[in-house]
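Taking it in order: structure first as structure tokens, then the write-up.
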Amino acid sequence: MKIIPLSEAKAQLSRFGQLCHEEAVVVTVNGRPSFQLAPLDEEHDLVDSLIKHNPAFREMLERRAHDRTVSLEEAERILAKRQAARRRKTRKRARG
């Protein structure tokens, strides 16, 4: 088992992401164990795991299931409009 401080985990996340496939990697915050890096294998379904262990995620999915869906083209138009509005706002602030 490898125990590392959060600062080290952040600095070398790729390394510890690989290491957790070989041994447990526990991350500490302020010297106390806070969480463990857990590998996902090919057969592991992340969404099923999140639904099982995270009620807030399940609730968000249930709320989203009733949301209106849009085509890719419509989503691109909406995003383009938002980006244009942000650019106009930024330019307006820069001018005065």
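The values are calculated or read from the model by the stated rules, or taken from the named source; none is laboratory data. No experiment lies behind these values; they were computed from the predicted model shown. Don't worry about glycine lacking a Cβ; one is built from the backbone with ideal geometry, like all the others, and counts go over all protein chains shown. In case anyone asks, the SASA skips ligands and DNA or RNA and just uses the protein heavy atoms, side chains included. Shrake-Rupley method; radii C 1.70, N 1.55, O 1.52, S 1.80 Å.
Residues in region 68-93 that are among the charged types (D, E, K, R) and open to solvent by less than 70 Å² (accessible area, probe 1.4 Å): how many?
First pass over region 68-93, keeping only residues among the charged types (D, E, K, R): 68, 73-74, 76-77, 81-82, 86-89, 91-93.
This time we only want the ones that are open to solvent by less than 70 Å² (accessible area, probe 1.4 Å), so: 74.
Matching residues across region 68-93 total 1.
Report, by residue number, each residue of region 13-53 that is part of a loop (DSSP other than H, G, I, E, B), in contact with a helix residue (DSSP H, G or I) (Cβ under 9 Å, 6 or more places away or on another chain) and surrounded by 11 or more Cβ atoms within 10 Å (Cβ to Cβ).
Within region 13-53, PRO39, LEU40 meet the criteria.
How many of the residues making up region 1-12 are within 19 Å of the chain's Cα centre (by Cα) and open to solvent by 90 Å² or more (accessible area, probe 1.4 Å)? Explain how you work it out, then say what you get.
Keep residues of region 1-12 that are within 19 Å of the chain's Cα centre (by Cα), which gives 6-7, 9-12.
Narrowing the set further to residues that are open to solvent by 90 Å² or more (accessible area, probe 1.4 Å) leaves 10.
Residues in region 1-12 being within 19 Å of the chain's Cα centre (by Cα) and open to solvent by 90 Å² or more (accessible area, probe 1.4 Å): 1 in total.
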